[in-house]
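First up is the structure itself, then whatever we jot down about it.
The values are calculated or read from the model by the stated rules, or taken from the named source; none is laboratory data. These figures come from a predicted structure and were not determined experimentally. Here the Cβ positions follow ideal geometry from the backbone for every residue, glycine too, while neighbour counts run over all protein chains shown.
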Amino acid sequence: MTALIDPFQRKIEYLRVSVTDKCNYRCSYCMPEQGAHPEGNHTEYLSYDEITRIVKVFSELGVWKIRLTGGEPLIRKNLHQLAQQISVLPNVKDIALSTNAERLADQAQALKDAGVTRTNISLDTLDPIKFERITRGGNLAKVLAGIDAAFAVGMTPVKVNMVVMKDTNFEDIPAMLDYAIAKGINLRFIETMPIGGAGISVMGEHVSAEQILAKVKAHVGADLLPMLDKQEAGPARVYRISGSKAKIGVISAVSQHFCETCNRVRLTARGELALCLGQEDMIDLRTPLRAGISDDQLKAIIVDAIARKPERHHFNENRHNIQFRQMVSLGG
Ligand code: SAM
Ligand code: SF4
C-alpha cells in the first residue's frame, strides 16, 4: 500500500471529515453572529456516498482514523448512515465524533451502533447564562444530557474541549475540573486560535497553555500527574488526576505549536482538502470526483496534494494569515 508521507516525513493517517459548515450554535470564537458564509445549496455539499468514496481512497492510502465534525455534524440528517458506510471500509479502524452535543442524547445510540466509538464535546462553562452567551443561544441542560448519553452508550473516552478566554471563562476552570473529576471526563483546555474573523476577534482574550496549567495546578495540586502516553495525547499535553478516571489535556496550538507531529488533513463539507489548519491552501476534490474520475486518479490527486502540505502554521508571526477561512468550515 502506498503510504501518505509529506515532504517533512510526516505520515498522514488521520482524516477529519466535516459533514456540514452549518451550525445550530454561533460560538464567539468560531462563527460570526450572522453565520459564517453564505449557506450552500444542497448540491454544493458532498453526499454521504461521495464522502464515503473519498474516505475509502484515503483508507487505501494508509489513513485509518476518521473524525466526523462540522459545523455541527448532528444537524446533518441521519449521520449514523454515513458512520455505518465508513465503518465497513476494511482499513478504517477508528471513527470519532466532534459535536456541541445539543442533539447527542437522541442520536448517541444510533451512532454507537453504526461504529462511532468515541466523542469530543465542546463545553466552555457550566454556567447556563454564560453558556448561552458564548454559544449565542445554546442550551446547557441539553449538552449535559448529551454528555451523559455518550457515557451511557459507551462512546468513550468522552473528551470535553474547553476553549479558554481570559475575560470570559478562565475563572470557570475550577468548576470544569470538578465536573470532569466527578464524571471521569477527559477535559482538554484549548488556546484560542486566530482562524477566521471570529477566531481573530477573541485573540485579545488569549490565555497561554502555561497560564492554563498554572490555574489547573492551583486547583488540583499534587493530584495532577503527567502522562507520557503519546498515542493518547495527540496534540495535547496530558495529565491524570489521582483518585479519578479524569484526564486533563492542554492544547497549545499557538504558544507552543505541535506541527512537527502533525498526522492529519481535513475534508470540508464542500469537498475541499485542507492541508493545514493554519494555511489557506485547499485542493478541490469535488469537481474531479463529479467529473467521473477513477479511484486511481483520485489517489494521484491526493498523493500530489500531500506533497504540498505546509511545514507548519504561522499563527504567531501573522495573526491575520487565515482570515478568509472559518473554523466552522474546517472542522476544528
Ligand atoms: N460543532 C462541533 C464542536 O463544537 O465540537 C465540531 C466543530 S468545531 C469547529 C471543532 C472544535 O473547534 C471545537 O472544539 C471548538 O471549540 C474548536 N474551535 C472553534 N474555533 C476555535 C478557535 N478560534 N480557537 C480554538 N478552537 C476553536
Ligand atoms: Fe458550532 Fe462547534 Fe463552531 Fe460552536 S465551535 S459555532 S458548536 S461549529
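Tell me which residues, restricted to the stretch 273-289, are touching a residue at least 40 places away in the same chain (Cβ under 8 Å), more than 17 Å from residue 60 (Cα to Cα) and part of a helix (DSSP H, G or I). Let's see the steps before the verdict.
Kept after step one, since they are touching a residue at least 40 places away in the same chain (Cβ under 8 Å), are these residues of the stretch 273-289: 274, 277-280, 285-286, 289.
If we keep only those that are more than 17 Å from residue 60 (Cα to Cα) too, we end up with 274, 277-280, 286.
Answer for the stretch 273-289, where residues must be touching a residue at least 40 places away in the same chain (Cβ under 8 Å), more than 17 Å from residue 60 (Cα to Cα) and part of a helix (DSSP H, G or I): just 286.
From the set of residues in the stretch 99-110 that are within 14 Å of ligand 1 (Cβ to nearest atom) and within 12 Å of residue 79 (Cβ to Cβ), which is surrounded by the most Cβ atoms within 10 Å (Cβ to Cβ)? Talk me through it step by step, then tell me what you get.
Applying the first criterion (within 14 Å of ligand 1 (Cβ to nearest atom)) to the stretch 99-110 yields 99-104, 107.
The next check asks that each one be within 12 Å of residue 79 (Cβ to Cβ); those that pass are 99, 103-104, 107.
Numbers: 99: 26, 103: 18, 104: 24, 107: 22.
That would be 99.
Mind listing whichever residues of the stretch 57-97 are acidic (Asp, Glu), farther than 13 Å from residue 16 by Cβ and under 16 Å from the mean Cα position of the chain (by Cα)? It would help to see each step written out before you state the result.
Initial filter on the stretch 57-97 (acidic (Asp, Glu)): 60, 72, 94.
Those left that are additionally farther than 13 Å from residue 16 by Cβ: 60, 72.
Across the stretch 57-97, the qualifying residue is only 72.
Tell me yes or no: at least one residue of the stretch 147-157 is surrounded by fewer than 22 Cβ atoms within 10 Å (Cβ to Cβ), of a type in the set (Gly, Ala, Ser), modelled with pLDDT of 95 or more and not in a helix (DSSP H, G or I).
Looking through the stretch 147-157, at least one residue is surrounded by fewer than 22 Cβ atoms within 10 Å (Cβ to Cβ), of a type in the set (Gly, Ala, Ser), modelled with pLDDT of 95 or more and not in a helix (DSSP H, G or I).
Suppose we keep only residues that are of a type in the set (Val, Ile, Thr) and touching a helix residue (DSSP H, G or I) at 6+ places or on another chain (Cβ under 8 Å) within the stretch 111-132. Which one would you say is nearest to ligand 1 (Cβ to nearest atom)?
Let us first name the residues in the stretch 111-132 that are of a type in the set (Val, Ile, Thr), namely 116-117, 119, 121, 125, 129.
Those still in the list that are touching a helix residue (DSSP H, G or I) at 6+ places or on another chain (Cβ under 8 Å) too: 116, 119, 121, 125.
Working: 116: 14, 119: 9, 121: 6, 125: 12 Å.
Applying the filter and picking the extreme gives 121.
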